[in-house]
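See structure below.
Computed from the coordinates by the stated procedures, all read-outs in this text should not be read as laboratory data. Every value quoted in this text rests on a predicted model; they were computed, and no experiment measured them. Heads up, the Cβs are rebuilt from the backbone with ideal geometry, glycines too, and the neighbour counts pull from every protein chain shown.
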Amino acid sequence: MASPAPRDVLPLEARALTVRLGAREVLSHVSFRLEPGLRTVVLGPNGAGKTSLLRALHGLVPAAAGTITWGGAPRPRGAEAMVFQRPVMLRRGALANVEYALAVNGVGGSERRRRAREALERAGLASLAQRPARVLSGGEQQRLALARAWALRPRILYLDEPTASLDPTAAAEIEREIGAIHAAGTRIVMTTHHLGLARRIADEILFLHDGRLVEQTPAERFFDAPRSEEARQFLEGELPWSTA
Amino acid sequence: MAEIFASLALALHLLAGGDPELLRIVRLSLAVSLSSAALACAIALPLGAVVAVASFRGRRALIVLMNALLGLPSVVVGLLVYLLLSRAGPLGDLGILFTPPAIVIAQTLLVIPMVAALARQTVEDAWTEYREQLTSLNVRPLRAVPTLLWDARLSLFTIALAGLGRAFSEVGAVMIVGGNVDGVTRVMTTAIALKTAEGELPLALALGVVLLLIVLGINAAAFVLRDWTAPRHG
């Protein structure tokens, strides 16, 4: 952001977080602590509450109960960004989409242009800078969404199914960029259905089932020997097709 | 049928001949209608967009009122503007009753509810799609207003054209506040009404054909413009 928050926004801690959508409780008393430097992948069957968890952490849905703190304090403005499963592109060029995000966050003048161009180059979209964002392919739009989020230099980046509905080449491209963003020091919190991707990216797994956090486990241990019965069944059920 | 063909021929003859009186009426019609449509859009587009994204007490009541004003009878608007501008009225000192500015005021008041109500619906639909993404980018609702207006520009353009159409085809209010004064406030619609009343039906019909042709021309030009810009923005 224009003036990066001086204080540390990590660890990100949820305590007894509960989220309701209408009458349905989609997250029930979820508590965890996300330490700096790791990549967290949120796993779980459909309807487990993965997307709701990201939306609640990012402040898009209110917590019905419980608290979330960033380095022990309330949400720091402008320290987070999110890439949605179906990102919304503004009706303007690819470069202009990134510049817009920077402009509303107070980055002006030549700095804005420089950062937007750099973000597009990193995402391999420099040649499409002037192309209307809405006519880009699904994979290109997802990369642009990632570039737009990254240009804001977030301390925490939430990604909701970033490779869903992408072909393998586009998915690999997204995976490479997530790695680069992590390497540059941004805390990654991501949901996915793709266990192969989760295995390659994750340092730790948050496993949700039916709105509850069943386990928070280092990734290696989770895939070799999950602690919970639900996770074991999930891995057995998912593995035959999703690591192919 | 014969009458209609005769009128069509007369219309073409009037247009081709460049009849100065006709040209003056057409010019005035265009000037007042374009001005009022532009003024109305300048007020109603942001107004509709703000109502679409803002949350405040009485918002639902305001939306019902805005939608109800769509059915505002033009003669009532004409009467209100007449009372405002008449010598004894609060704005009587301006001395603009029976002048083109009076017509512009009346037409603007007629077009505003229509553009505001339709823009509110259009921008609200766009906001539904954009809300989470923009919120994620730290865009506050009021900052989203210009963004949404720009991104919905193709639909809003059609709404603006409809507003222009309403201004252009307006007769009741224009007759009351303009007075249909020959050479001063006579526009296409009031001229047609007058010629009909005088029994000069072929001339009235010919003027009607001219009016139709102009509206058609404006819409064709707008369509070409829209078609030309649309693919470049996706």
- How do B:Ser36, B:Ser136, A:Ser127 rank when sorted from fewest to most other Cβ atoms within 10 Å of their own Cβ? A:Ser127, B:Ser136, B:Ser36
- Query: Given the protein assembly as shown, what percent of its DSSP beta bridges are antiparallel, to the nearest 5?
  - Reply: 55
- Normalised by the number of residues in chain B, what is the relative contact order in percent for Cα pairs under 8 Å and 6+ residues apart? 32
- Size of the dipole of the protein assembly as shown about the Cα centre, Lys and Arg at +1 and Asp and Glu at -1 on the beta carbon, nothing else charged, in debye to 20? 1120
- Cα pair distances in the protein assembly as shown, grouped into 20 Å bins until the bin that holds the longest one, percent each: 20, 39, 24, 15, 2
- segment A:150-216 to segment B:168-210: how many Å between their Cα centroids? 68
- What angle, in degrees between 0 and 90 and rounded to the nearest 10, separates the Cα long axis of helix B:59-68 from the longest principal axis of the Cα atoms of chain B? 20
- Longest principal axis of chain B (C-alpha) makes with the long axis of helix B:153-169 (C-alpha) an angle, in degrees to the nearest 10, of 30
- For segment B:67-160, size of Cβ-based charge dipole, Lys and Arg +1, Asp and Glu -1, in debye: 180
- For segment B:52-122, which trypsin sites (Lys or Arg not before Pro) are both in a DSSP coil and crowded by at most 16 other Cβ atoms within 10 Å? B:Arg57, B:Arg87
- In degrees between 0 and 90, to the nearest 10, how far off the longest principal axis of chain A does helix A:138-151 point, with axes built from Cα atoms? 80
